[in-house]
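What follows is calculated from the coordinates using simple rules that are stated; it is not laboratory data. Model, not experiment: these values are computed from the prediction. Glycine also receives a Cβ, built like all others from the backbone with ideal geometry; neighbour counts cover every protein chain displayed.
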Amino acid sequence: MQLFVEQLLNGIAMGSIYALITLGLALVYGVMRILHVAHAAVYTVGAYVGVLVFHLTGSLLPAFLGAMGFCALLGIVIERFIYFPLLKYPPYVPLIGSIAAMLAIEELCRLVAGPYILTFPAKLPFPAIHFGGVTISETLMAVYCITAGVLIFLWYITTRTELGLAMRAASQDISIADAMGINTQAIMGITFIIGSAIAAIAGILVGIYYNEIYPTMGAVPAYKTLALIVVGGMGSVPGAVIASLMLGVAETLLIGYANIPLPRDALAFIAMIAVLMWRSEGLMGSK
Amino acid sequence: MSSYVITIATLIVIYAIVVLGLNVIVGFAGQISLGHAAFFGIGAYASAILTTKAGLSFWMALPFVILISGLIGLLLGLPSLRVRDDFLAITTIGINFIVEAVFLYIPFFGGALGIGGIPKIILFGVKLKGGAFFSLCLMFLGVVLLVCWWFTRSWGGLACFALRENEEAASSMGISPMRFKLLAFVLGTAMAGLGGALYAHYMRFISATDFSFPLSITFLGMIVLGGMGTLWGPVLGALLLGILPELFRPLVNYRILFYTVILLLMIRFQPSGLLGETSLARKVFSFRFLGART
């Protein structure tokens with residue numbers, strides 16, 4: 001029972017991290033209808049910038065801020081120079097562009113930082129909690145609290161501000177939103193800033209959680225999170241979060257208990273194909 | 001020719017066969033597929049198992065290999081009837097990951113060790129290697145090109161072009177999306193299977209990681225570079241993306257970076273490819289013999 005609870009807690013942490021990466025993807029898909037594979041490369045860059053600033057300043061807050069700022073900038077560059085000019089083409093064109101950008105950024109990380117695994121020896125200032133024999137470690141607490149904070153922030157932005165209203169309008173129908181006087185080009189930029197900054201947070205959290213950062217750390221999330229936004233419902237932020245949490249828990253429990261001869265990375269895709277066949281609009285999507 | 005050149009050339013021809021198959025699905029029928037390496041792998045594994053475990057010769061196994069690849073292509077083409085564009089792209093990525101996982105984790109397929117000891121192809125009592133094997137691949141490439149050319153001239157091909165341009169309009173004219181999409185998938189995956197069989201008997205050892213997702217991207221990159229939906233574009237793409245890494249060999253550390261940056265610049269400034277409809281090459285020369293983008 002104790003083991004089960006610990007597995008569950010780890011699973012939720014995994015799911016939270018997936019959620020942080022998937023959020024940006026869902027936001028971008030909502031507004032631009034682009035599968036932003038290079039998002040995972042932004043997340044890798046976030047981890048690297050984070051560890052660099054951490055080593056320079058010796059404290060975590062500037063690491064987070066620096067990484068978020070740098071990734072926001074990177075996100076804008078990708079949006080302006082790759083996606084925006086390709087919007088008029090069929091969807092596979094920006095998709096291939098995105099995959100190429102992802103591989104190029106991954107290679108740049110390898111060339112600049114070296115192919116080795118870097119460690120991230122930081123302690124997050126959160127209290128550990130002991131509860132009837134079960135311990136929630138500092139890192140787990142940090143992952144939970146930061147994810148919750150990001151989600152609340154995002155919920156507030158999208159539902160309680162004018163900017164959120166404009167973002168929702170743009171994701172419903174971008175040309176109508178444009179006609180209504182919303183500066184959709186600015187909305188696209190802001191979406192990329194928010195999504196990329198959150199990816200930077202995810203990158204640093206993963207770096208601390210596993211204590212390792214390496215150039216290809218984005219390779220598996222890049223495609224798994226695509227499956228997650230399908231399961232959640234294309235462009236639906238709550239759906240993406242729920243799907244991420246479910247996947248995190250399912251993966252962890254499956255490794256711990258079931259003995260199926262499939263790697264856990266295939267699980268997301270199997271779930272996705274099941275969802276597509278059974279409820280093709282996704283968990284929270286609307287048609 | 002040195003054996004180094006022959007090895008590169010043989011692989012390029014095999015890739016050209018596979019990429020022509022992908023072109024039928026993506027270029028002709030307009031169905032995005034990011035899991036083509038899976039079918040390449042299915043062909044390779046089918047041929048490897050039939051020749052090593054069932055004891056068939058390459059030539060006996062080949063019809064079964066093409067049949068198996070086509071049938072699995074039919075099965076996995078079914079999602080394309082339900083989902084479009086982005087969904088289909090992600091689904092095919094998923095198929096690639098799942099197929100690779102099946103090869104890797106099920107002992108029948110050799111697991112992590114892969115399958116070794118695949119026999120050489122014997123033709124007229126001679127074991128083919130080097131230049132002879134290359135000629136055989138070239139012959140198969142010719143056959144595949146002929147099939148593609150014939151397809152663009154056939155009703156099936158025309159129906160696929162119509163579906164690619166506008167599915168609603170085409171189906172209201174009485175073209176069955178199901179029939180022709182599946183036709184394109186079967187044809188395309190069967191070609192990938194043929195390429196896979198050649199690959200298996202050339203390498204004589206295969207493992208699951210040979211057919212992982214990055215290879216699918218390379219295949220798609222080849223048709224994007226060459227020109228999607230044209231007859232010779234995929235061959236040109238396979239040739240260029242096959243040679244480029246060799247040219248960059250002195251810069252071994254920067255190879256992948258160059259490669260991806262070229263792909264990125266290409267998709268950014270010439271999304272229809274070198275031989276595509278609106279490409280620079282076509283505007284300058286307007287080669288009539290180059291293409292079949294009707």
Check your understanding: Counting pairs of Cα atoms in the stretch B:1-131, how many percent are more than 26 Å apart?
Key -> 31 percent
Practice item. Sticking with the crude label model, points 7 Å out along Cα→Cβ, report the distance from A:V112 to B:Y254 in nm, one decimal please. Key: 1.6 nm
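What number does the stretch B:3-285 give for Rg over Rh if you use C-alpha atoms and the Kirkwood radius? Before the final figure, lay out the partial values.
On the way: Rg = 18.4 Å, Rh = 19.1 Å.
Expressed as Rg/Rh, it is 0.96.
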Revision key, fill the gap. If one compares the long axis through the Cα atoms of helix A:60-78 with the longest principal axis of the Cα atoms of chain A, the angle in degrees, nearest 10, works out at 30 degrees
Check your understanding: Which longest run of chain A has no exposed loop site in it, a site being chymotrypsin sites (Phe, Trp or Tyr not before Pro) in a DSSP loop with at most 13 other beta carbons within 10 Å, and the site itself not part of the run?
Key -> A:117-256
Review point. Which of these, B:S272, B:S172, B:S207, has the largest mean-square fluctuation under a Gaussian network model of chain B (Cα springs below 10 Å)?
Key: B:S172
Revision key, fill the gap. Rg/Rh of the stretch B:196-272 (Cα atoms, Kirkwood Rh), to two decimals, equals 1.00
Check your understanding: From the phi of every residue in the stretch B:33-45, what ³J(HN,Hα) in whole Hz does the Karplus formula 6.51 cos²θ - 1.76 cosθ + 1.60 yield, where θ is phi - 60° and glycine or proline is x?
Key -> 9, 10, x, 5, 4, 4, 6, 4, x, 4, x, 5, 5
Study note, to complete from the structure: Taking Cα atoms only, helix A:2-32 is inclined relative to the longest principal axis of chain A by an angle, in degrees rounded to 10, of 10 degrees
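Using a Förster distance of 56 Å, how high is the FRET efficiency between B:E246 and A:I129, based on the Cβ-Cβ distance and rounded to 0.05? Show your work: numbers first, answer last.
Details: r = 57 Å, r/R0 = 1.03.
Efficiency, rounded to the nearest 0.05: 0.45.
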Exercise for review: Could you tally the net charge around B:F219, taking each other residue with its Cβ under 15 Å from the Cβ of B:F219, Lys/Arg +1 and Asp/Glu -1?
Suggested key: -2
Practice item. Show the residues, 5+ positions off or on another chain, whose built amide H is closer than 5 Å to the amide H of B:S212. Key: none
Review point. Can you work out the FRET efficiency for the pair A:Q2 and B:A169, with r the C-beta to C-beta distance and R0 = 60 Å, to the nearest 0.05?
Key: 0.45
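Please report the net charge: other residues with Cβ closer than 13 Å to the Cβ of B:I42, K and R +1, D and E -1.
Details: positive: none; negative: B:E100, B:D210.
Counting the neighbours of B:I42, the net charge comes to -2.
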**Study point:** Where labels lie 7 Å past Cα in the beta-carbon direction, separation of A:F153 and B:S176 in nm
**Key:** 5.5 nm
Check your understanding: Say the dipole of chain B comes from +1 at the beta carbon of Lys and Arg and -1 at that of Asp and Glu; which of B:F205, B:V224, B:A169 then lies farthest toward its positive end?
Key -> B:F205
Exercise for review: Would you work out which of A:I198, A:I273, A:G256 lies farthest towards the positive end of the dipole of chain A, given +1 charges on the beta-carbon of Lys and Arg and -1 on that of Asp and Glu, about the Cα centre?
Suggested key: A:I273
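Once you have the Kirkwood Rh of the protein assembly as shown from its Cα pairs, apply Stokes-Einstein at 10 °C and 1.306 mPa s and quote D in µm²/s. If you can, show how the numbers build up before the last one.
Values: Rh = 25.0 Å.
Roughly 64 µm²/s, to the nearest whole number.
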Check your understanding: Where does the Debye-calculated log10 I(q)/I(0) of chain A sit at q = 0.08, 0.15 Å⁻¹, using only Cα point scatterers of equal weight, no solvent?
Key -> -0.33, -1.18
Review point. When chain A is modelled as a GNM with alpha-carbon springs shorter than 10 Å, which of A:T22, A:T147, A:T159 fluctuates the most?
Key: A:T159
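Might you report the magnitude of the Cβ-based charge dipole of the protein assembly as shown about its Cα centre, with Lys and Arg at +1 and Asp and Glu at -1, to the nearest 20 debye?
On the way: 29 positive and 21 negative charges, 265 e Å.
So the dipole magnitude of the protein assembly as shown works out to roughly 1280 debye.
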Practice item. Let me have the relative contact order for chain A, percent, based on Cα pairs under 8 Å that are six or more residues apart. Key: 36 percent
Review point. Hey, got the dipole for the stretch A:19-218? About the Cα centre, +1 on K and R Cβ, -1 on D and E Cβ, debye to the nearest 20?
Key: 80 debye
Study note, to complete from the structure: Out of B:P107, B:P214, B:P177, a Gaussian network model of chain B with alpha-carbon springs under 10 Å gives the largest mean-square fluctuation to B:P107
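Between B:M60 and B:L81, what length comes free when the chain is fully extended (0.36 nm per residue of separation minus the Cα-Cα distance, one decimal in nm)? Walk me through the intermediate numbers first.
On the way: separation 21, 0.36 × 21 = 7.56 nm, distance 3.34 nm.
That works out to 4.2 nm of additional length.
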Exercise for review: Find the centroid of the Cα atoms in the stretch B:166-210 and in the stretch A:172-211, then give the distance between the two in whole Å.
Suggested key: 36 Å
